[in-house]
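The values are calculated or read from the model by the stated rules, or taken from the named source; none is laboratory data. In this text, all values refer to a predicted model and were calculated from it rather than measured experimentally. A quick note on method: Cβ atoms are made from the backbone with ideal geometry, for glycine too, and the neighbour counts reach across all protein chains shown. Keep in mind that these areas ignore ligands, DNA and RNA; they rest on the heavy atoms of the full protein, side chains included. Shrake-Rupley method; radii C 1.70, N 1.55, O 1.52, S 1.80 Å.
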Amino acid sequence: MKFIPLVLSAAFANALSREPPHPLPWSPPGPGDVRSPCPVLNALANHDILQHDGKDITQQDTLHAMDALHVEKGLSDILFTAALKTNPTPNATTFSLNDLNRHNIIEHDGSLSRGDFYFGDNHSFNQTLFDQARSHWTGPTIDLHTGAEARLARIKTSMATNPTFDLSGTRLRFSYAQTATYILVFGDKVSGTVNKSWIEYLFEKERLPVELGWEKRESSISTADLDNMIARVMEATREIETSQEA
């Protein structure tokens, strides 16, 4: 994985010269490659920032991949530790992207773009479900309110149709984190906003939206940043639920 810094330097050096960004190399998964329910991790593998086959990802691999999104080491290590729990092999030191498909560890009901485990496929992109979510993104920018609305709509549909629906415990936090992460990584962590077209591109194509103008963040993303954004999504959700009860 030593080539990663060179790839990223080439991809983002244009930002310094103010020239339009050059797309990162990209190819879809091939025979034998594995992917996860997470569009961000899938995009990193499709760009060869994570290994393209999606298998046997080490802590160092994770650190290099998260650096492409300017995620700090502390948060990267937390994410790796969580992902490691999805590997069913005792005392595992690596994980593969398809390990993340294991239900109710990190993967959870009410995803923005994946069906619930109960219905048989909890890892493939589902355009119909994603269309429901993005119908709440009514302007060119997703903010905390519309992001929370989209998440809440998917949760309500899942609750109404899935007899085994469960977002208890840490699964609820992972559900909030899904919305918090795309705002934090691709948007403005101060205003809590993000370009809608970038997020649609990410989910539907599983590509980093470099071609649309996204660039690696100037400021790094810490554990505190993620905790704060999750709290803001939770608060926006409470405000929506209160207004709906009135």
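Radius of gyration over Kirkwood radius for region 205-246, both on Cα atoms: the Rg/Rh ratio is 1.19.
Dipole magnitude for the chain: computed about the Cα centre from +1 point charges on Lys and Arg Cβ and -1 point charges on Asp and Glu Cβ, it is near 80 debye.
What fraction, in whole percent, of alpha-carbon pairs in region 125-245 exceed 20 Å separation? Pairs farther apart than 20 Å: 43 percent. Remark on Glu107: its backbone amide H falls under 5 Å from none of the residues 5 or more positions apart or on other chains, H modelled at 1.01 Å from N.
Across the chain, C-alpha contacts under 8 Å between residues 6 or more apart give a mean separation that, scaled by the residue count, equals a relative contact order of 21 percent.
Accessible surface area normalised per residue over the chain is 47 Å², counting heavy atoms of protein chains with a 1.4 Å rolling probe. Taking the Cα centre of region 35-107 as origin and assigning +1 to Lys and Arg Cβ atoms and -1 to Asp and Glu Cβ atoms, the resulting dipole is close to 200 debye. Trp198 contributes an accessible area of around 50 Å² to the protein surface, as traced by a 1.4 Å probe with all chains present. Applying 0.36 nm per residue to the separation of Ser168 and Asp56 and subtracting their alpha-carbon distance, the gain on full extension is 37.4 nm. Scaled against the 2.2 N^0.38 Å expected of a compact globular protein of N residues, the Cα radius of gyration of the chain reads 0.98.
Amide hydrogen proximity for Thr141: with H placed 1.01 Å from N in the peptide plane, the residues at 5 or more positions away or on another chain lying under 5 Å are Lys196. Peptides 78-88, 203-213, 217-227 ranked from most to least packed by the mean count of surrounding Cβ atoms within 10 Å: 203-213, 78-88, 217-227.
The value for region 35-107 of Rg(Cα) / (2.2 N^0.38 Å) is 0.99. Between Glu215 and Asp48, the contour length at 0.36 nm per residue exceeds the Cα-Cα span by 58.4 nm. Counting only Cα atoms, region 51-183 measures 40, 34, 28 Å along its principal axes, largest extent leading. Packing, as the average of other Cβ atoms within 10 Å across residues, places the peptides 158-169, 52-63 in the order 52-63, 158-169, highest first.
Each Lys and Arg Cβ is given +1 and each Asp and Glu Cβ -1; about its Cα centre, region 151-236 then shows a dipole of about 240 debye. Taking the protein heavy atoms of the chain in the context of the full set of protein chains, the accessible area attributed to carbon and sulfur is 56 percent at 1.4 Å. The phi-based Karplus calculation (6.51 cos²θ - 1.76 cosθ + 1.60; θ = phi - 60°) puts the 3J(HN,Hα) values of region 147-162 at x, 5, 4, 4, 4, 5, 4, 5, 4, 5, 5, 5, 4, 6, 10, 9 Hz, whole numbers, x for Gly and Pro.
Along the axis of the charge dipole computed for region 125-245 (Cβ charges of +1 for Lys and Arg, -1 for Asp and Glu, origin at the Cα centre), the listed residues Gly147, Ile199, Met159 are led at the positive end by Met159. Along region 75-81 the Karplus relation, 6.51 cos²θ - 1.76 cosθ + 1.60 evaluated at θ = phi - 60°, assigns HN-Hα couplings of 6, 4, 5, 5, 5, 5, 4 Hz to successive residues, with x for each Gly and Pro. Each helix, a run of at least 4 DSSP H residues, gives -39500 (n - 2.57); summed and divided by the residues of the chain, these come to -15500 deg cm²/dmol at 222 nm.
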